[in-house]
Amino acid sequence: MNTAVLSARGVYKSYGKKEVLHNLDLTIEPGKIYGLIGRNGAGKTTLLGILTAQNTLDQGEVTYDDQPVWENQRALDNICFSRELQPTLFSGQNNLKVKHYLKSAAIYYPNWDQAYAGRLLAEFKLEPKKKICQLSKGQMSMVTILIALASRAPITILDEPAAGLDVVMRERFYQLLLEDYAQTNRTFIVSTHIIEEAASVFEQVIILDEGKIIENCPTEELIDQFRYVSGREDVVDEVCRGLEVLSTHQMGRHKTAAVRGGGVKLEAALSADVDVSPMNLQNVFVALCGHGDAQ
Amino acid sequence: MRGTLNDQSLIYLQIAQMLEDDILRGVYREEEQVPSTNELARGYNINPATAAKGINLLVADGVLYKKRGIGMFVASGAEETVRRKRKAAFYDGFVRPMVKEGASLALSEEELLAMVRQAVKEGEEK
């Protein structure tokens with residue numbers, strides 16, 4: 001059983017004048033499936049690149065098993081970051097073939113499972129001789145998923161694996177992920193924008209907002225802290241006093257507030273003349289990261 | 001087990017509730033084995049840790065117990081335990097909201113009780 005922790009301390013990164021990550025701390029414990037969610041431009045891909053020593057950082061440190069990941073062969077052997085494929089490479093078409101990607105992954109990752117790769121290749125109906133630039137968006141996602149799963153790396157990172165897939169394939173992907181996880185108990189970090197259907201797969205959710213990690217906690221524990229409270233304006237305001245109100249929505253005298261608070265405080269709301277309803281992960285995400293844009 | 005999960009309550013609670021439903025329906029009888037954490041995770045596409053949390057909740061309530069190296073089993077007397085638990089939940093989840101709703105409609109106690117009696121009678125006639 002792997003016990004090595006991947007840890008980022010005080011990571012700061014800017015591209016020119018644009019600050020992407022601000023003094024960020026993150027700990028990835030072994031044997032969990034993490035979901036990384038954040039809005040467009042929040043810094044997700046940059047963060048994943050830095051965690052895996054594929055991007056440089058300006059300040060701070062990333063360690064694996066207490067050793068810096070940068071130019072650390074052992075860390076690089078044990079961490080797989082399967083990046084999104086691009087139809088263009090440098091300034092031309094990406095003429096590399098699927099089999100070239102698989103071959104280099106087989107060389108790069110010491111735990112590479114060729115038989116598993118073959119099974120996935122057949123299941124995804126991918127043709128090894130096809131050029132990357134000839135693949136559909138979904139097929140490109142399948143190649144990155146295949147490499148990530150077959151790498152059998154103790155820490156496996158997938159950036160937007162579901163983005164190009166149709167809904168049937170997305171379900172199948174999460175099934176494959178859970179099957180693999182049940183067998184290997186390795187760590188996965190999966191970033192996604194399609195939050196709701198992934199919520200039940202994530203044991204832990206990391207929310208990245210404007211270059212900062214604002215949450216890193218068990219998914220259900222997080223969701224359970226949030227409620228919608230709705231009813232007559234003054235009664236809602238009364239109930240919400242002392243709670244953290246994240247957003248409100250008003251129609252005439254009717255008011256709905258998205259609130260965060262412990263169970264005891266919410267008990268009071270249950271006896272008042274208001275409706276209290278639960279949120280799902282997507283609602284929580286919008287409440288935390290919407291910054292008013294959604295209204 | 002019910003086919004699908006909804007997003008109206010926490011998944012581990014739904015897992016626990018579905019197992020309880022199946023115990024009340026006789027899908028799983030006392031001293032019989034229930035699906036493992038991994039079977040539940042696969043069946044519902046959920047994280048095994050979440051499935052385990054649901055099962056542990058029922059262990060804590062004395063509905064399920066663990067046979068080391070074999071799996072999870074329905075405790076003897078589980079049906080009665082579940083029924084008792086559900087009665088308490090029924091009071092909090094249905095009776096109290098009903099009374100609250102009645103109050104917001106300005107129904108008197110007698111009117112409310114008359115409605116309940118009528119509903120019981122209609123249920124018997126069917």
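The values are calculated or read from the model by the stated rules, or taken from the named source; none is laboratory data. These numbers come from a predicted model, not from an experiment. Glycine gets a Cβ as well: all are built from the backbone with ideal geometry, and neighbour counts include every protein chain shown. Please note that ligands, DNA and RNA were not included when accessible areas were found on the heavy atoms of the full protein model with its side chains. Shrake-Rupley method; radii C 1.70, N 1.55, O 1.52, S 1.80 Å.
Tally time: how many residues in segment A:189-225 are surrounded by 17 or more Cβ atoms within 10 Å (Cβ to Cβ) and either over 25 Å from B:Leu13 (Cβ atoms) or away from chain B (no Cβ under 13 Å) (or both)?
Of the residues in segment A:189-225, 11 are surrounded by 17 or more Cβ atoms within 10 Å (Cβ to Cβ) and either over 25 Å from B:Leu13 (Cβ atoms) or away from chain B (no Cβ under 13 Å) (or both).
What single numbered condition from (1) within 30 Å of A:Glu196 (Cα to Cα); (2) in contact with a strand residue (DSSP E or B) (Cβ under 6 Å, 6 or more places away or on another chain) fails to hold for B:Tyr28?
Tallying (1) within 30 Å of A:Glu196 (Cα to Cα); (2) in contact with a strand residue (DSSP E or B) (Cβ under 6 Å, 6 or more places away or on another chain), B:Tyr28 fails exactly one: (1).
Test of understanding: among A:Arg232, A:Arg260, A:Arg186, which residue is in contact (Cβ under 8 Å) with a residue 24 or more places away in the chain, among the basic types (Lys, Arg), within 14 Å of chain B (Cβ to nearest Cβ) and open to solvent by less than 50 Å² (accessible area, probe 1.4 Å)?
It is A:Arg186.
Given the condition aliphatic (A, V, I, L, M), surrounded by fewer than 21 Cβ atoms within 10 Å (Cβ to Cβ) and assigned to a strand (DSSP E or B), answer yes or no: does some residue in segment A:78-93 qualify?
For segment A:78-93, residues aliphatic (A, V, I, L, M), surrounded by fewer than 21 Cβ atoms within 10 Å (Cβ to Cβ) and assigned to a strand (DSSP E or B): present.
Under 7 Å by Cβ, and 6 or more places apart or on different chains, what pairs join a residue from segment B:47-65 that is closer than 17 Å to B:Glu32 by Cα with one that is acidic (Asp, Glu) and surrounded by 16 or more Cβ atoms within 10 Å (Cβ to Cβ)?
Hits for this filter: B:Val63/B:Glu20.
Take the residues in segment A:103-113 that are assigned to a helix (DSSP H, G or I) and of a type outside the set (Val, Ile, Thr), then tell me which one is surrounded by the most Cβ atoms within 10 Å (Cβ to Cβ).
A:Ala105
Looking at segment A:59-71, is at least one residue in contact with a Gly (Cβ under 6 Å, 6 or more places away or on another chain), at negative phi and open to solvent by less than 40 Å² (accessible area, probe 1.4 Å)?
Within segment A:59-71 (the criterion being in contact with a Gly (Cβ under 6 Å, 6 or more places away or on another chain), at negative phi and open to solvent by less than 40 Å² (accessible area, probe 1.4 Å)), the answer is no, since none of the residues qualifies.
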